[in-house]
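Take a look at the structure set out below.
The values are calculated or read from the model by the stated rules, or taken from the named source; none is laboratory data. Just so we're clear, the structure is a prediction, and the values are computed from it rather than from any experiment. Cβ placement follows ideal geometry from the backbone for every residue including glycine, while neighbour counts extend to all protein chains displayed.
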Amino acid sequence: MIKDINNINNENNINHKFYKINNIYNLLNDKVNEITAIYKVNDEKNKIRIFGSDFVKNNKDKCKIIYENEIYDLTEYFNIKPKNDNLRIILKGIRNITNMSYIFSKCSSLLSLPDISLWNTSKVTDMNNMFNGCSSLLSLPDFLILDASKVLI
């Protein structure tokens, strides 16, 4: 990203400069529309719970799952055997979510949530029980950086 910004500074053609700025904007805008979650893989089964059932029910039409550059409908369980010990899932469409309650409920394989600073939670009104039953979660990120201005207490 820094390299791309430096390229803008070195660009003399205003049209090319605008094009490069627009590309960076689109990349950043796309990033704040996703959640990356990493899950441990249980060798005995290929079925891993990745999202809570209430979250899926409330957001099925708003989000998609991306795994290895393939797009899937939002679902509670994932049935693909990953290539290594961890499953990395990207949830696209979080800028459309208003209810994040039970998002990872009973996801006992959830290990980590890298870089929550990119989560766009400006429309979210409910964050109740987001991590209920996440027994493998190693640590919680600092949620004070999220926009929770519309969350009802």
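Any residue in region 132-145 that is hydrophobic (A, V, I, L, M, F, W, C), closer than 21 Å to GLU68 by Cα and in the same structural domain as PHE51 (by TED's automatic domain parsing)? Spell out the reasoning first.
We begin by selecting, within region 132-145, every residue hydrophobic (A, V, I, L, M, F, W, C); these are 134, 137-138, 140, 143-145.
Checking the rest, the ones that are also closer than 21 Å to GLU68 by Cα come to none.
No: zero hits.
Within region 81-109, restricting attention to residues that are in contact with a Cys (Cβ under 6 Å, 6 or more places away or on another chain) and outside any strand (DSSP E or B), which residue is farthest from ILE38 (Cα to Cα)? Outline the logic, then answer.
First, pick out the residues of region 81-109 that are in contact with a Cys (Cβ under 6 Å, 6 or more places away or on another chain): 91, 93, 104, 107.
Now narrow it down to the ones that are outside any strand (DSSP E or B): 93, 104, 107.
Details: GLY93: 18, PHE104: 11, CYS107: 11 Å.
Checked region 81-109; the qualifying residue farthest from ILE38 (Cα to Cα) is GLY93.
Restricting the first residue to region 84-99 and requiring it to be surrounded by 14 or more Cβ atoms within 10 Å (Cβ to Cβ), which pairs with a second residue that is in a helix (DSSP H, G or I) meet a Cβ separation below 6 Å and a spacing of at least six or different chains?
Filtered contacts from region 84-99: ILE97/ASN59; ASN99/ASN58.
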